[in-house]
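Some notes on the structure that comes next.
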Amino acid sequence: MASVTLQDITKQYEDVTAVDDMNLEIRDGEFITFVGPSGCGKSTTMETIAGLTLPTEGSISIGERDVTDLPPKDRGISMVFQNIALFPHMDVYENVSFGLRLRKYDQEEIDRRVDQAADIVQLEGMMDRMPKEMSGGQRQRVAIARAIVREPDVFLMDEPLANLDAELRVHMRTQLQRLHRELDTTIIYVTHDQAQAMTMSDRIVVINGGVLQQVAPPLECYNEPANRFVAGFIGSPAMNFLEGEVVDGGFESEYTNIDFDPGTHGVSPGQEITVGVRPEDVFLEEDSHKAASPTKAFDAVVDVLEPMGKEMNAYLLFDREVEASAEGRGKGQLLINLVPDTDIEEGDDIRIVMDRENIHLFDRASGDAITHSLE
Ligand code: ADP
């Protein structure tokens with residue numbers, strides 16, 4: 001186990017700044033996940049920790065050691081990648097023990113570590129299988145076992161579940177959590193999939209354009225996103241955003257207005273802001289008792305209904321005119337969750353309320369969060 005510290009890390013590739021002045025303290029034994037859209041710099045950050053890439057500026061420590069200039073093999077890390085590279089001509093035992101045999105560990109120690117790793121990733125009884133006789137999930141477990149036997153201070157995992165089918169990915173998510181619990185090791189995990197980040201991590205590191213956006217436990221990122229980017233990225237379906245401006249009595253946009261005292265919430269009339277509200281925080285007017293503190297009701301038109309089984313996604317429009325114009329989609333549109341057995345139909349006029357306790361305000365110029373509640 002070890003902590004990992006990134007100090008002022010920048011990685012420049014000619015005209016691309018892949019990582020931009022990142023500072024991060026990863027705690028000893030923590031499961032931390034780098035998450036963000038493709039190309040945001042997650043892998044590059046991970047590669048600088050691994051020593052596969054040298055940062056243009058900044059330093060990296062693992063535990064008390066400055067490892068900035070050390071080769072990967074001397075950093076006390078093990079890596080698992082998306083593409084599972086097992087030796088095809090070796091069986092599971094040989095694949096898992098390969099690194100230990102190379103380093104001339106004695107046989108007893110090799111067997112002890114292989115047995116323990118096989119137990120953790122549930123590969124017992126498969127030691128003489130060849131990779132081609134195994135499923136994708138089993139092969140990925142062999143790759144993880146191979147990383148475990150090195151008994152690293154820090155595990156680095158870059159999209160290890162990306163190539164698995166959806167069902168297996170969910171299964172492996174729980175396996176990785178179990179692995180973390182049993183090994184009690186620092187795990188740094190990279191994914192573009194916010195569901196993986198939310199479900200497994202002690203904290204998540206949200207990155208966009210090489211810049212760190214928020215470092216916090218998953219539910220804090222969900223409930224108190226630091227800015228509009230995090231608000232839109234974390235959570236599925238995504239938060240709704242309404243662009244407008246602060247007026248004397250609150251917020252006003254083309255289709256809605258919400259009453260509040262600007263001074264109390266640190267905004268001033270004329271300021272351009274964005275209101276953010278999650279689908280589960282919007283209710284039909286007749287269900288307004290479900291909101292802790294409902295706003296006044298707004299008119300909306302039901303555009304599209306999406307039955308999801310346990311709930312129904314309803315895409316609403318604030319104005320019928322928007323419905324008719326293709327370029328109007330997304331503008332004046334709102335997604336809410338309804339119960340699945342609703343008798344509401346596409347094309348119906350409805351009235352909705354939002355829960356003031358879960359209305360977020362963002363400054364439009366900076367994107368920074370101003371408040372997460374209007375109460
Ligand atoms: P992510 O892992 O979030 O998808 P990466 O860290 O792979 O993102 O990439 C971040 C940015 O750096 C991207 O714009 C990518 O094109 C660029 N990049 C990554 N590796 C290289 C490289 N070896 N040479 C040039 N540009 C690179």
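Find all pairs meeting these conditions: Cβ atoms under 6 angstrom apart; at least six residues apart or on different chains; first residue within the range 259-279 and free of Cβ contacts under 8 Å to residues at least 40 places away in the same chain and of a type in the set (Lys, Arg); second residue outside any loop (DSSP other than H, G, I, E, B) and surrounded by fewer than 17 Cβ atoms within 10 Å (Cβ to Cβ).
So the pair list comes out empty.
Give the residues of the range 10-48 that are away from the ligand (no atom under 12 Å from the Cβ) and aliphatic (A, V, I, L, M), sorted by residue number.
The answer is 24, 26, 32.
Out of all the residues in the range 11-41, which are free of Cβ contacts under 8 Å to residues at least 60 places away in the same chain and within 19 Å of the chain's Cα centre (by Cα)?
25, 39
Which residue pairs have Cβ atoms under 6 Å apart, sit 6 or more places apart or on different chains, and have a first residue in the range 225-240 that is more than 13 Å from residue 337 (Cα to Cα) and a second that is assigned to a helix (DSSP H, G or I) and at pLDDT below 95?
Cβ pairs passing all conditions: 234/194.
For the range 184-234, what are the residues that are in a helix (DSSP H, G or I) and of a type in the set (A, V, I, L, M, F, W, C)? Talk me through it step by step, then tell me what you get.
Step one: filter the range 184-234 for residues in a helix (DSSP H, G or I), giving 194-200, 218-223, 228-233.
Correct list: 195, 197, 198, 200, 219, 221, 229, 230, 231, 233.
Among 374, 305, 316, which is the only one that is in a loop (DSSP other than H, G, I, E, B) and at pLDDT 90 or above?
Working: 305 fails: in a loop (DSSP other than H, G, I, E, B); 316 fails: in a loop (DSSP other than H, G, I, E, B).
Checking each option against the conditions leaves just 374.
With respect to residue 8, is the statement that it is among the charged types (D, E, K, R), surrounded by fewer than 22 Cβ atoms within 10 Å (Cβ to Cβ) and either assigned to a helix (DSSP H, G or I) or under 22 Å from the mean Cα position of the chain (by Cα) (or both) true? Don't jump to the end; show me each part of the working.
Values: among the charged types (D, E, K, R): yes; surrounded by fewer than 22 Cβ atoms within 10 Å (Cβ to Cβ): yes; either assigned to a helix (DSSP H, G or I) or under 22 Å from the mean Cα position of the chain (by Cα) (or both): no.
It is false that residue 8 is among the charged types (D, E, K, R), surrounded by fewer than 22 Cβ atoms within 10 Å (Cβ to Cβ) and either assigned to a helix (DSSP H, G or I) or under 22 Å from the mean Cα position of the chain (by Cα) (or both).
Being outside the structural domain of residue 78 (by TED's automatic domain parsing), closer than 17 Å to residue 38 by Cβ and either away from the ligand (no atom under 16 Å from the Cβ) or in contact with a strand residue (DSSP E or B) (Cβ under 8 Å, 6 or more places away or on another chain) (or both) narrows it down to one of 249, 244, 232, so name that one.
Values: 249 fails: closer than 17 Å to residue 38 by Cβ; 244 fails: closer than 17 Å to residue 38 by Cβ.
Going through 249, 244, 232 in turn, just one is outside the structural domain of residue 78 (by TED's automatic domain parsing), closer than 17 Å to residue 38 by Cβ and either away from the ligand (no atom under 16 Å from the Cβ) or in contact with a strand residue (DSSP E or B) (Cβ under 8 Å, 6 or more places away or on another chain) (or both): 232.
The values are calculated or read from the model by the stated rules, or taken from the named source; none is laboratory data. Everything numeric here is computed off the predicted structure, so don't read it as measured data. Glycine gets a Cβ as well: all are built from the backbone with ideal geometry, and neighbour counts include every protein chain shown.
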